[in-house]
1. Step by step: find N for the stretch B:173-235, compute 2.2 N^0.38 Å, then divide the Cα radius of gyration by it. What's the final number?
2. Divide by every residue of the protein assembly as shown the summed helix terms, -39500 (n - 2.57) for each DSSP H run of at least 4, and state the resulting mean residue ellipticity at 222 nm, rounded to the nearest 500 deg cm²/dmol.
3. Just how large is the dipole of the stretch B:371-434 about the Cα centre, in debye to the nearest 20, putting +1 at every Lys and Arg Cβ and -1 at every Asp and Glu Cβ?
4. Can you run phi through the Karplus equation (6.51, -1.76, 1.60; θ = phi - 60°) for the stretch A:351-360 and list ³J(HN,Hα) in whole Hz, with x for Gly and Pro?
5. Using Cβ counts within 10 Å as a stand-in for footprinting exposure, how do A:L196, B:L494 rank, fewest first?
6. Once you compute Rg and the Kirkwood Rh from C-alpha atoms, what is the Rg to Rh ratio for the stretch A:85-194?
7. Distances from B:R181 to the same residue in each other copy, label points 7 Å out along Cα→Cβ, in nm, shortest first?
8. Would you kindly work out, in nm and rounded to one decimal, the distances from the label point of A:K330 to those of the same position in each other copy, ordered shortest first, with label points 7 Å along Cα-to-Cβ?
Protein chains: 2
Amino acid sequence: MAGAVEKLVELKNRLLEVSDLEGASAVLAWDQSTYMPSGGASARGRQMATLMCLAQEKFTDAAVGQLLDDLQPYVASLPDDHDDAALIRATQRRYQRDTQVPPAFIANLYEHASQTYQIWAEARPANDFKRVQPYLERTLDLSRQMAEFYTGYEHIADPLIGLADYGMKASSVRRVFAELRSQLVPLVETITAQPLADDTCLKQNFSEHEQLAFGRKVIERFGYDFNSGRQDKTHHPFMTKLGSGDVRITTRVKENSFAEAFFSTTHEAGHALYEQGVNPTYAGTPLDGGTSNGVHESQSRTWENLVSRSRGFWEHYYPELQHAFPAQFKSVSLDTFYRAINKVQRSLIRTEADEVTYNLHVMIRFELELQMLEGQLAVKDLPEAWHAAYQADLGIRAPNDINGCMQDVHWYGGHIGGVFQAYTLGNILSAQFFSEAVKAQPAIPSEIAQGQFASLHAWLKENIYQHGSKYTAPELIERVTGRGLDIDPYMQYLRSKYGELYQL
Amino acid sequence: MAGAVEKLVELKNRLLEVSDLEGASAVLAWDQSTYMPSGGASARGRQMATLMCLAQEKFTDAAVGQLLDDLQPYVASLPDDHDDAALIRATQRRYQRDTQVPPAFIANLYEHASQTYQIWAEARPANDFKRVQPYLERTLDLSRQMAEFYTGYEHIADPLIGLADYGMKASSVRRVFAELRSQLVPLVETITAQPLADDTCLKQNFSEHEQLAFGRKVIERFGYDFNSGRQDKTHHPFMTKLGSGDVRITTRVKENSFAEAFFSTTHEAGHALYEQGVNPTYAGTPLDGGTSNGVHESQSRTWENLVSRSRGFWEHYYPELQHAFPAQFKSVSLDTFYRAINKVQRSLIRTEADEVTYNLHVMIRFELELQMLEGQLAVKDLPEAWHAAYQADLGIRAPNDINGCMQDVHWYGGHIGGVFQAYTLGNILSAQFFSEAVKAQPAIPSEIAQGQFASLHAWLKENIYQHGSKYTAPELIERVTGRGLDIDPYMQYLRSKYGELYQL
C-alpha cells in the first residue's frame, strides 16, 4: 500500500474543499430563507449556482476518480467496517453518481430553483399558481433531463428517488405504499367515523416569544446543542448543516396556534440531533451527514411524534406548559390536551396532518410526481389533479391553491421527483428504530415520562447518528434492526396509540 | 476590433464568477459577525478561506491577463470616460496587484484572520491581551509577508496603504496628518480648556427597540433602501455588500446611551448609500463598489457628522426624538441636546470620539501600525505603547486593554497596515465633497433642517456614488472638487461649527 496514506490525504483535502463550497452554499440558502432582503434574490440565486457548480466540478474532477481507483487495493486490505473503507466507498458511490450530470446543468438547476423559490414565496400568498406555473414547467423539464443523465433506469423517477433514498425506486416505494395504504385506510375510516377530538385549547392566543422559549427549553433537554446551532424563523421550517459545529433549525410561529411552532421545533431538532451526532472525524467528507432522506426523516419523526406527541412526554411537560401559558391551559386537563395534539381528521395541509392521515398526503404527492415525470400530468393541470386526489383519498377539497398544490416548498425550491417518499419511509423507520431502542433500553418510555431523554439520545447516537453516511440506508436498517424496511412496528404503534385514544 | 465584444463578454463572465465567490464570502462573514453560533467558527474560517482563495485563483488566471492584453486596442479606441475602458483599466489595476500575491497565501491570511477574530471576541471582554498576542504576532508576520510580495515600495506599509487608498503611501499620509495635526492640536486645547459639555441627557435608559426604530426611520429618509438591505446587531458595526441588491448594515445598541446605536446607524447607512447608489450595470465587476476606503469613509462621515450631528438636522428631528423618548428628552432643550451630541473631550474610544479629537485617535493607530511593520514595535509591547501614545497625545490612559489596543476589531480580523488612515482621509474628504455639494445646491442646509435629504443624496449619487470604482480616488477627488485632497474645508467646517458651539 505504498503511497496510500498520501493519496488518502489528497483525497480528503479535495473533499474538504468540496465540503467548504457546499457549506458556504448552505449558509447562502439559510440566509435566503431567513433574513435576505428581496432585492438580494437575483444575485443570491447566481451565487448559489456558482458555488454548487464549482463544488460539482471539483468533486467530479478526473483526479478524484484516479485517487479512488488508486485507493482500491488499500480498501481491499481493510476490514469492511473500517472508516477509511467506508469513506472511499461512499465517495465512490457519489462520484459514480455525480459524474453523470454536467456541472453546468447543476448550476442551471440551482439558479432556476432559487428564482422559482422567490416567485413561489410571493405567488403563494396571492394564490397565483399561474404566476409560478412557467417556472414549475421548467423545473419539470430540468427534472426529467436530470433523470435522463442516469442510464438504465426502470422508471424515470428512479434516479431521483435513488438520490434521496439509496436503494429505493418507484416500484419498491409503490409496493411499500400500497401495503401501508391497505392497512391505513380502514384505520382512518374507523377513527374518523367517531366524533372529532376537541382541539380548541390549541387555537388560543400564544405569544411568539413564549412559544419559542418553551420549544427551545424542550429541545435543549433532548440534547440539541445551541452552541453548535441556532433557531430562526422562516416560511417553511428546515434543518441545515452549515459546517461541522453549525447545525441550524428554523420554525414558523402562529400566535393563534400552539401546535405549529412547537412540533416543527421538535421535528427539526430531530434532524439536527442526527447531524450534531455524526462522528466529528467525518467532518468535511461525504460521511458527514445523514445517510438518506428516509432515515433522516425517521429521526425528525421520532422526536416530533414518538417522543413529543406521546402521553408520557406530556405527563412530565404538561405542568410546565400550563405554567408557561396559565391563561390558556390552567383549566384544560392533560387528557383533553393529549387528545387535541393527536386529533385525527381528514385535512388539507400535510405539515399539520396527524400521524394517521399524514401518509395519505405523502402518497398523493408521490403519485403526482410520478405522473408529472411520466408525462401523464401537465403542470397546468396540477392544481386540479391535486384537488381531485384530495377529494378521492381524503374526501375534502381545498378552497384555493395556497392550501393545495402550492402548500409545500419542495417542487418550488428544487426538482420534481424523489422528494416526498422519504416522509413516509421516515414514519415507518421511526417506529422500526424506536422499537429496537426500547428493546435494548426498556426504561426509555418511563424516562421520557420524567422528562429524561439521555438513554434514547445515547442509543440513537450510538446506533444511528454517529455513523453519518458510513452505511447506506439499507445497510443501516439491517444493522440496527436485523431486517429490512418493515411497516409492522409502525402499524403496531399507530394501532396501539390510537386504539387507546379512540377505544378501538 | 474584431472579437473585442466576445472577449469583453468572456472577461465579464469570469469577473462575475469572481464576484459571486466574493459575495458568498461576504454572506459568510456577515453571518459570522451576527448570528453564527460559536461552534461554527472553525469550519467558517476555512470556508471563507476556501472561497477567497478560489476567487483569487480565478481572478489571477492567466486567461484573464490574456483577455486584458487582447482588449488593449479596444480600450485605446474608446473615449477615456467610456465604461468599458474604465472597467478594463480597473480590472487591469487589480490584476497587476493581485497577481503578486499567491492565492494560497490569501487563503492562509483569511483563515488566520477568522480564527483571530473569534479569539479576540472572547479575549476582549476578559481583557486578556496575552491570549490574543500570539495570533496578532502571526498577523503581523503575515502582513509583512503580504507587503513584501509587492516590489519597489518606499515604506513597507505602502503596498498595504495603497490597497486601501489608491494613490497614497506612508510618506504622503504622514505629510497630510502632520499638517492636520498642527491645526487640530491648538483647537483641541482651546476647546478642552473650557468646561465639558453636559451630556447626561444621552446617558439615560433608552429601549433597544425604540432606538432601532428611530434610527431606521431616519436612514430610510436619507434614502437607504430596506428592500435591498437590512440592519442587524453585531459587536463592531459594519456595512457589507452581499451582492447587488443586498447591502446590509449592522449596529450595536447600548440601552444606557443614545449616541451609540444612532450614530453608528447613520454612519453605516452612509457607507450603504454609496454602495446602493452604484450604477447597477457595474454589478459583478470590479467597478461595483466604492473606489477607496477614504472615499467610502467620507460618505459615512457625511451622513453621520455633517448631516446627523448638525444643528439643522436636529431642528427638524429633535421634536420627533422627544416624541419617541418623552421621559428622557421632554425637558431637555435642543441647545443642550445639540451640545451633548457634539461634546468634545479627551477620551479613550475612537468610535465614540467627537469630531475634533477623533483624528488624534486615528493618528495614534496609524503610527503604531507603521512601527509594528517597521519592526520597531513588538506585538508584546503594543499595549504599553498604546497607553503611552494616549498619554502623550490625549493626556489620558485606559485602565485596561479592552479600552486600549483591543478596542478596534481591525487588526484582529484582517491584517496590520493601511487600515486606519482612511478614517482621517474620510473626514477630510467629507467636508471637501460636502462644500462642493452646497456650492452646487445651496438649498441643501435648509433642506436638511426640514428633514429633506433628496438634493444632497441626488448630488452625491450623481457625482460620487454612481461611479463606483470607475475613477480612482485621486481622479474622483479631482473630478468632483477640481483639486487634490485638501484639509481646508474640513478645518473650516470644524472651526465654524465648534467656534459657534464654544464661542471661540
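Every read-out reported here was derived from the displayed coordinates using simple, explicitly stated rules and does not represent laboratory data. Since we're looking at a predicted model, the values are computed, not measured. Counting neighbours? That spans all protein chains shown, and the Cβs are built from the backbone with ideal geometry, glycine included.
1. On the way: Rg = 19.1 Å, N = 63, 2.2 N^0.38 = 10.6 Å.
That ratio works out to 1.80.
2. Values: 44 runs with 626 residues, N = 1008.
Here the helix-only value at 222 nm equals -20000 deg cm²/dmol.
3. Working: 2 positive and 6 negative charges, 19 e Å.
It comes to approximately 100 debye.
4. 5, 9, 6, 6, 5, 6, 8, 3, 5, 5
5. Details: A:L196 12, B:L494 20.
The most exposed by this proxy come first: A:L196, B:L494.
6. Working: Rg = 18.9 Å, Rh = 17.2 Å.
Answer for the stretch A:85-194: 1.10.
7. For B:R181, the inter-copy label distances come out at 8.3 nm.
8. Sorted ascending, the copy-to-copy spacings read 3.5 nm.
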